[in-house]
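Here the structure comes first, spelled out in structure tokens, and everything after it is commentary.
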Amino acid sequence: MTAKKRAKPIKLEWSGGLSSIESEIPVSLKGKNQKSESKIAAKITGKADIRRESKGRAGKPVAIVCKFSDEEAKNPESLKMLCSELKNSLACGGTVEDDEIILTLRDFEKIKIILEKFGIIARIV
């Protein structure tokens, strides 16, 4: 007995509602031809705070870069770009959540020095 290989199913995403046949929107393949309308990322400057937090992280401390004075910091694409640059230069992990950058690094002075190289004046809170 040989088992026949099954083809992987194609994920379909329905973007219409319950309506008549004439006004239906066609089904689109998920991940294909989707245009995202996001703002262009720009460099963040100004001031920021660095705080230490370990609550809810199994006792492991993380550094949270928050309270940016620059209005560009409200753009999630700019925060992602800054987070990526910080992770590469500090050799650590990190993510962006709620207009804050969370880095898994204990050396706060090192974060402060790198932020100053990027043009952000940081203070440790």
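Here the condition is being acidic (D, E), in contact with a Lys or Arg (Cβ under 6 Å, 6 or more places away or on another chain) and under 19 Å from V125 (Cα atoms); of D70, D49, it holds for D49 alone. Scanning the stretch 93-123 for residues being under 9 Å from A63 (Cβ atoms) and either at pLDDT 90 or above or loosely packed, with under 15 Cβ neighbours inside 10 Å (or both) gives a total of 8.
Close Cβ contacts (under 9 Å, 6 or more residues apart or on different chains) running from residues in the stretch 75-94 that are in contact (Cβ under 8 Å) with a residue 24 or more places away in the chain and β-branched (V, I, T) to residues that are surrounded by fewer than 15 Cβ atoms within 10 Å (Cβ to Cβ) and not in a helix (DSSP H, G or I) are absent. Please verify whether L86 is in contact with a strand residue (DSSP E or B) (Cβ under 6 Å, 6 or more places away or on another chain) and modelled with pLDDT of 75 or more, treating the condition exactly as stated. Taking the combined requirement at face value, the residue does not satisfy it. Residue pairs whose Cβ atoms lie under 7 Å apart, separated by 6 or more positions or on different chains, with the first residue in the stretch 32-50 and modelled with pLDDT of 70 or more and the second in a loop (DSSP other than H, G, I, E, B) and aromatic (F, W, Y), are I44/F68; G46/F68; A48/F68.
The values are calculated or read from the model by the stated rules, or taken from the named source; none is laboratory data. This structure is a prediction, so every number in the text was calculated from the model and none was measured. For neighbour counting, all protein chains shown are included, and Cβ atoms are generated from backbone atoms with ideal geometry for every residue, glycine included.
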